[in-house]
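Have a look at the structure below, then the notes.
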Amino acid sequence: MSTHTSSTQGLPFSPLRGSPLSASPKGQLNSSKYPYRVFLGLARWWRAVVEQSPQYLSAVLGAIPFLALVAIVIILFHEAFPAIKVNGGGFVTHSKWSVGSEYANPIRRDGVATPVGATYGAWPLILGTLEASALALIIAVPVSLLSALIVVEKLSARASRWVGVFLEILVGIPSVIYGLWGALTLGPFLAHHLAPIANHIPNVPILRFFRGPTYNGEGLLTAGVVLGIMIIPIIASTARDLIRQVPASLKDGGRAIGMTDFEVSRKVIWPWIKSGIVGATFLGLGRALGETMAVLMTCGAVLGTTAHSIFSNMNTIAATIVSQLDSAQTDGTGFAVRSLAELGCILIVITLICNIGAKLLLSRATHDTTTT
Amino acid sequence: MEITKDKAITQLDNFANVNQLLVAESPKAINVCDFTGRFHGRTVVDNINLEISDGSITAIVGPSGCGKSTFLRSINRMNDRISGWSRQGSIELYGEQVYANDVELLSLRRRVGMVFQRPNPFPMSIEENIACGVRAHRLAPRSHMKDIVRARLEEVGLWKAVSGRLKESPFQLSGGQQQLLCLARALAVQPEVLLLDEPTSSLDPISTQAVEELLKEFVPELTIVIVTHNLAQAKRIADNVAFFMNGSLVEFGSCEQIFDSPKEPETAKYVSGIFG
């Protein structure tokens with residue numbers, strides 16, 4: 001509709017004219033009280049562009065994120081396709097990871113040139129990714145939920161604002177800093193203080209997983225804890241927003257029949273937020289699955305074997321892609337890089353499933369709130 | 001003035017008799033004494049003195065923002081958690097200080113139930129909505145729960161409508177049914193006093209009538225205090241009416257007296273619809 005009106009009202013995109021729908025009077029905009037008139041002019045021009053641009057332009061702009069996602073997936077799969085063909089289903093089930101011989105002449109398998117002895121099995125990496133993420137969730141979800149509850153229900157408005165500021169700062173800390181802390185401080189601490197206690201756990205199946213040699217402190221537990229701390233702000237801030245959305249009348253209702261704060265949390269707040277919390281958990285999971293640097297620095301980056309205990313070295317998909325890319329690029333046939341791309345495909349599929357799941361659950365949670 | 005010993009004793013006796021008579025006739029459920037409530041120092045409820053007799057329906061009426069709801073919420077101490085709230089004076093519930101230090105909030109709120117302006121069923125099944133309060137106060141063993149749920153729902157006339165879907169969400173119910181469910185939920189913990197904060201303001205006329213008739217059935221077993229904007233409603237159901245304005249209690253009296261021969265000019269103006 002704006003295209004039509006603009007043609008009668010002068011040049012479209014003219015920086016000199018305000019948009020025809022402009023609400024603010026001109027005198028106010030040109031007031032000498034406002035020293036940054038250049039920016040105001042720009043803002044006005046931008047508004048004119050936005051309001052007078054034809055519909056298809058916004059449709060094109062709006063489609064960019066979708067097209068970018070599709071392009072990334074297609075390109076990644078295209079890059080990985082030869083490796084998918086050669087590695088076959090064994091890629092996700094077996095454990096051996098070898099670039100093969102650099103010196104022997106490449107052989108052709110399924111029409112793809114590969115180094116002699118090249119074999120790729122991602123099972124330990126897939127398992128490691130899931131293990132580390134699961135550990136991170138086990139740590140992060142209860143902590144986030146409790147802290148969100150306390151922030152909303154117990155703290156004063158001022159205090160909870162400050163906590164919010166710190167949560168945002170925590171999100172902004174570069175992951176390499178978390179990794180450094182994990183490798184230099186947390187890992188040695190867990191190895192020296194927690195592992196000796198954990199070794200009192202009886203050496204029987206299942207429980208055996210929680211004891212074992214610690215090496216240098218890098219391993220599944222360290223990576224999991226670091227990841228957990230990294231995703232706490234994500235889950236906690238979503239949980240906080242969800243808890244804030246619980247109608248005050250509902251909490252009042254609970255208190256009015258004499259429920260304790262704990263009962264109000266459990267019986268009134270929790271049913272209201274739970275599907276949203278599942279969504280928030282998936283959001284955190286998405287972050288944990290893809291997190292690279294902090295994990296690489298704390299996991300011990302071992303290839304070809306799954307973790308025997310929470311203290312053993314392990315590896316994840318993302319960390320492997322980073323740590324192996326250099327050596328993969330020395331593979332003249334390019335097969336190693338293609339296998340890493342295949343690894344990337346697996347990661348993107350897992351992440352997409354998580355994110356779509358999160359979106360679906362979160363949107364359902366909001367839907368619940370609006371209909372009632 | 002000199003009083004002889006005998007005369008004094010007779011007078012005291014008379015006093016005692018009169019008091020006993022009064023107590024026997026209408027014991028005070030709620031006794032409010034010089035009660036003042038403030039938010040951040042701003043007086044919202046100003047020096048209220050009010051006696052609400054047992055087994056009566058008392059309607060609190062007045063223009064918006066006159067402190068009716070705040071006063072109502074003071075009775076079961078729902079304002080305690082709101083930041084900036086402070087109060088002076090006392091409220092007694094059957095002779096016990098509501099604001100004493102050793103009062104257990106949970107048992108106070110069991111004894112003084114509350115129903116809110118908008119229906120606020122909990123996000124759990126219909127059955128669970130009623131059972132959760134009973135369970136929280138351990139009022140009945142688990143095996144009795146089904147009967148209690150049924151009895152409460154029958155009491156509010158909801159049983160027929162929901163008996164087939166006790167496990168379903170209460171948000172499927174109509175607004176009126178939701179409010180009845182909230183009423184049943186409040187009754188399930190066996191309160192002695194029921195506070196209602198404009199319980200029918202979001203309901204249609206037929207649901208409103210249903211709620212009003214229920215309230216009339218509940219007395220005199222229950223003492224009811226209802227805040228309402230609807231003067232006709234107060235006229236229909238109340239035994240006594242308290243008229244609030246600007247945080248103060250302007251006039252308190254029987255329903256007929258307030259509506260037919262108000263003493264204060266403001267009351268007269270309000271009940272005749274000149275303002276408010």
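The values are calculated or read from the model by the stated rules, or taken from the named source; none is laboratory data. Please read all numbers here as calculations on a predicted model, not as lab measurements. We place every Cβ from the backbone using ideal geometry, glycine too, and count neighbours over all the protein chains shown. These area figures cover heavy atoms from the full protein model, side chains too; ligands, DNA and RNA do not enter into them. Shrake-Rupley method; radii C 1.70, N 1.55, O 1.52, S 1.80 Å.
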- Message: Let me spell it out: the conditions are (1) open to solvent by 10 Å² or more (accessible area, probe 1.4 Å); (2) touching a Pro at 6+ places or on another chain (Cβ under 7 Å); (3) not in a loop (DSSP other than H, G, I, E, B), and B:PRO123 meets all of them except one. Which number is the exception?
- Response: (3)
- Task: For region B:193-201, state whether one or more residues are within 14 Å of chain A (Cβ to nearest Cβ) and either part of a helix (DSSP H, G or I) or of a type in the set (D, E, K, R) (or both).
- Result: yes
- If you take the residues in region A:89-110 that are outside any strand (DSSP E or B) and either small (Gly, Ala, Ser) or touching a Lys or Arg at 6+ places or on another chain (Cβ under 8 Å) (or both), which one is surrounded by the fewest Cβ atoms within 10 Å (Cβ to Cβ)? A:GLY89
- Pairs only if they're at least six apart or on different chains, beta carbon under 8 angstrom, first in region A:182-211 and part of a loop (DSSP other than H, G, I, E, B), second open to solvent by 90 Å² or more (accessible area, probe 1.4 Å) and among the basic types (Lys, Arg); list them, first residue then second. A:ILE201/A:ARG208
- Given (1) of a type outside the set (Asp, Glu); (2) over 15 Å from A:THR238 (Cα atoms); (3) at pLDDT 90 or above, number of the condition A:LYS154 does not satisfy: (3)
- Item | Residue list for region A:41-89, filter: within 12 Å of A:ARG338 (Cα to Cα) and among the hydrophobic types (A, V, I, L, M, F, W, C) | A:ILE75, A:LEU76, A:PHE77, A:ALA80, A:PHE81, A:ALA83, A:ILE84, A:VAL86
- Message: I'm told B:TRP159 meets every condition in (1) open to solvent by 40 Å² or more (accessible area, probe 1.4 Å); (2) among the aromatic types (Phe, Trp, Tyr); (3) within 22 Å of B:ARG111 (Cβ to Cβ) except one. Can you identify the failing condition by its number?
- Response: (3)
- Query: Which one of these does B:ARG111 not meet: (1) open to solvent by 40 Å² or more (accessible area, probe 1.4 Å); (2) modelled with pLDDT of 90 or more; (3) farther than 30 Å from B:GLN177 by Cα?
  - Reply: (3)
- How about region A:54-88: which of its residues are open to solvent by less than 60 Å² (accessible area, probe 1.4 Å) and without any contact (Cβ under 8 Å) to a residue 40 or more places away in the chain? A:GLY62, A:ALA63, A:ALA68, A:VAL70, A:ALA71, A:GLY88
- Which condition number in (1) more than 14 Å from chain A (Cβ to nearest Cβ); (2) in contact (Cβ under 8 Å) with a residue 40 or more places away in the chain; (3) part of a strand (DSSP E or B) is the one that B:GLY113 fails? (1)
- Query: Residues in region B:260-272: is at least one in a strand (DSSP E or B), open to solvent by 10 Å² or more (accessible area, probe 1.4 Å), free of Cβ contacts under 8 Å to residues at least 24 places away in the same chain and over 19 Å from B:SER201 (Cα atoms)?
  - Reply: no
- Taking region B:126-154 and the residues there that are within 14 Å of chain A (Cβ to nearest Cβ) and part of a loop (DSSP other than H, G, I, E, B), the one that is farthest from B:LEU196 (Cα to Cα) would be B:ARG138
- Item | 1 or more residues open to solvent by 40 Å² or more (accessible area, probe 1.4 Å) and modelled with pLDDT of 90 or more: qualifying helices (runs of 4 or more DSSP H) within region A:212-331 | A:220-245, A:270-290, A:293-298, A:317-328
- Task: Can you run down the residue pairs with Cβ atoms below 7 Å, 6 or more apart or on separate chains, where the first is in region B:167-192 and touching a residue at least 60 places away in the same chain (Cβ under 8 Å) and the partner is among the basic types (Lys, Arg)?
- Result: B:LEU187/B:ARG152; B:VAL189/B:ARG110; B:PRO191/B:ARG110; B:PRO191/B:ARG111; B:GLU192/B:ARG111
- Message: If I go through region B:71-108 residue by residue, how many of them are facing chain A (nearest Cβ under 8 Å), open to solvent by less than 20 Å² (accessible area, probe 1.4 Å) and in a loop (DSSP other than H, G, I, E, B)?
- Response: 2
- Sole miss for A:GLU168 among (1) open to solvent by less than 10 Å² (accessible area, probe 1.4 Å); (2) closer than 30 Å to A:THR316 by Cα; (3) under 26 Å from the mean Cα position of the chain (by Cα) is condition (1)
- Task: Considering only residues that are surrounded by fewer than 23 Cβ atoms within 10 Å (Cβ to Cβ) and polar (S, T, N, Q), look in region B:43-68 and name the one that is nearest to the chain's Cα centre (by Cα).
- Result: B:SER56
- Task: Kindly establish whether B:LYS167 is open to solvent by 70 Å² or more (accessible area, probe 1.4 Å), in contact with a helix residue (DSSP H, G or I) (Cβ under 7 Å, 6 or more places away or on another chain), in a loop (DSSP other than H, G, I, E, B) and away from chain A (no Cβ under 12 Å).
- Result: yes
- Message: Which residue is most open to solvent (accessible area, probe 1.4 Å), if the candidates are limited to region A:111-153 and must be polar (S, T, N, Q) and part of a helix (DSSP H, G or I)?
- Response: A:SER147
- Is it the case that some residue within region B:240-248 is more than 11 Å from B:ALA59 (Cβ to Cβ), open to solvent by 10 Å² or more (accessible area, probe 1.4 Å) and assigned to a helix (DSSP H, G or I)? no
